[in-house]
Amino acid sequence: MLRQPLLMLSRSDKVKNFVTAMPVSSGIVSRYVPGEATQDAVEATRELIESGLHVTLDFLGEDTLDREQADATVAAYLDVLSALADQGLARNAEVSVKLSAVGQSLADVGEKVAIENARTICHAARNAGTTVTLDMEDHTTTDSTLGILRELRKDFPETGAVLQAYLRRTEADCRDLAYEGSRVRLCKGAYNEPESVAFQDKHDVDKSYVRCLKVLMGGAGYPMIASHDPRMVDIAGALATRNGRAQGSYEYQMLYGIRPDEQKRLADAGEKVRVYVPYGQEWYGYLMRRLAERPSNLTFFVHSLVSK
Ligand code: FDA
């Protein structure tokens, strides 16, 4: 019931200004975001890698309408990639990029700027010995993001995609992307989407997730199962067995701070597990989406606000 209002608030500048006066170190924020600086991200990465996990780093930011801000985001990615390489972490850590943070939403020139910027990040990632995965945002950007992915994969075939099971189109997109070498992160989807394009009922989203998993696990690509849902994790495991997939020919992915014991349990069982680690000052939209998934955290959130 609270999911929709929270997702609407995630795009409100007024609420954002109020909430972001809260320090990143306050309980609810630090549960999901390890810090604002590159060094905070690198430290969190090192700890996760030392405990047997892999990482994908997201420099927080989205819906950028300012060219300078987009360029600053690119600079932040170059900075973190060079830190990962220098500190010997790049083998186990990649980066995730929201195209709207690197220019996709700029009027007229958006796609052109986003593709140039994404290309710069892909180059730096390759030089560091790692890869980039393009996050997926709301449905108005899906065609553009998949178009940019196709362009990038001509020179950087290792670039990963994200598909969202709540979109009605996604099973077909999974079929298109289930080819050899294609890394696809399958998530349920975190935005407020209309019924015309997205399943609204949680049960229907879960059924779609399973259909998409069947396509990806039965295909020739590299599936990345991004879910904390125990049933999806179990079904993915069963599909790996059914399709004769060895551990490491797919991976599980979860968000920083969510079900850490399960992340460790899977890794201890020999599975490849990657943790998505967001960092930076622009944590508001990310935090609101996490609250929308788990409104029971709201009490904790309100407590953080009133005691700030
Ligand atoms: P579901 O929401 O059904 O949750 C299953 C269980 O997980 C819950 O019962 C609870 O135990 C736990 N849980 C889930 N969310 C929680 C939270 N916020 N706090 C505490 N516990 C929680 N989305 C998107 O639209 N575009 C993208 O690019 C990405 N990228 C992405 C990368 C990775 C690695 C992950 C794991 C997820 C994303 N997402 C995303 C988010 C995704 O779409 C989805 O909103 C969340 O993962 C929650 O869905 P689950 O599959 O976990 O199931």
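Residues that are farther than 16 Å from Arg274 by Cβ, in contact with a Phe, Trp or Tyr (Cβ under 7 Å, 6 or more places away or on another chain), at pLDDT below 95 and surrounded by fewer than 17 Cβ atoms within 10 Å (Cβ to Cβ): does the range 26-45 have at least one?
yes
Of the residues in the range 132-158, how many are over 15 Å from Glu62 (Cβ atoms) and touching a residue at least 40 places away in the same chain (Cβ under 8 Å)?
Residues in the range 132-158 being over 15 Å from Glu62 (Cβ atoms) and touching a residue at least 40 places away in the same chain (Cβ under 8 Å): 2 in total.
Just to be sure, is Gly160 at pLDDT 95 or above, within 15 Å of the ligand (Cβ to nearest atom) and either on the phi < 0 side of the Ramachandran plot or surrounded by 13 or more Cβ atoms within 10 Å (Cβ to Cβ) (or both)? Reasoning before the result, please.
Values: at pLDDT 95 or above: yes; within 15 Å of the ligand (Cβ to nearest atom): yes; either on the phi < 0 side of the Ramachandran plot or surrounded by 13 or more Cβ atoms within 10 Å (Cβ to Cβ) (or both): yes.
It is true that Gly160 is at pLDDT 95 or above, within 15 Å of the ligand (Cβ to nearest atom) and either on the phi < 0 side of the Ramachandran plot or surrounded by 13 or more Cβ atoms within 10 Å (Cβ to Cβ) (or both).
Could you list, in sequence order, the residues of the range 146-158 that are more than 17 Å from Cys187 (Cβ to Cβ) and either touching a strand residue (DSSP E or B) at 6+ places or on another chain (Cβ under 6 Å) or small (Gly, Ala, Ser) (or both)? Working first, answer last.
Applying the first criterion (more than 17 Å from Cys187 (Cβ to Cβ)) to the range 146-158 yields 147-148, 150-158.
Gly147, the sole residue that qualifies.
Hey, among the residues in the range 125-134 that are outside any helix (DSSP H, G or I) and on the phi < 0 side of the Ramachandran plot, which one's farthest from the ligand (Cβ to nearest atom)?
In the first step, residues of the range 125-134 are kept if they are outside any helix (DSSP H, G or I); the result is 129-134.
Next cut, on the phi < 0 side of the Ramachandran plot only: 130-134.
On the way: Thr130: 16, Thr131: 14, Val132: 13, Thr133: 8, Leu134: 8 Å.
That would be Thr130.
Please return the ranges of helices (runs of 4 or more DSSP H) entirely within the range 240-308 where 1 or more residues are within 13 Å of the ligand (Cβ to nearest atom) and modelled with pLDDT under 95. Can you show your working first?
Values: elements: 260-268, 284-293, 298-306.
Hits in the range 240-308: 284-293, 298-306.
Mind listing just one residue for me: the one in the range 190-229 that is in contact with a Cys (Cβ under 8 Å, 6 or more places away or on another chain) and within 14 Å of the ligand (Cβ to nearest atom) and, of those, farthest from Thr56 (Cα to Cα)?
The selected residue is Cys212.
Please work out which one of (1) part of a helix (DSSP H, G or I); (2) surrounded by 22 or more Cβ atoms within 10 Å (Cβ to Cβ) is the condition Glu137 fails and give its number.
(1)
Against the definition (away from the ligand (no atom under 15 Å from the Cβ), modelled with pLDDT of 95 or more, in a helix (DSSP H, G or I) and buried (at least 19 other Cβ atoms within 10 Å of the Cβ)), how does Ala90 come out, yes or no? Reasoning before the result, please.
Details: away from the ligand (no atom under 15 Å from the Cβ): yes; modelled with pLDDT of 95 or more: yes; in a helix (DSSP H, G or I): no; buried (at least 19 other Cβ atoms within 10 Å of the Cβ): yes.
The answer is no for Ala90.
Output the residues belonging to the range 200-238 that are of a type in the set (A, V, I, L, M, F, W, C) and in contact with a Leu (Cβ under 8 Å, 6 or more places away or on another chain). Step through it out loud before you land on a result.
Initially, the range 200-238 is screened for residues of a type in the set (A, V, I, L, M, F, W, C), giving 205, 210, 212-213, 215-217, 220, 224-226, 232-233, 235-236, 238.
The answer is Cys212, Leu213, Leu216, Met217, Met224, Ile225, Ala226, Met232, Val233, Ile235, Ala236.
The values are calculated or read from the model by the stated rules, or taken from the named source; none is laboratory data. None of these values were measured; they are calculated from a predicted model. Cβ coordinates were reconstructed from backbone atoms using ideal geometry, including for glycine residues, and neighbour counts include every protein chain displayed.
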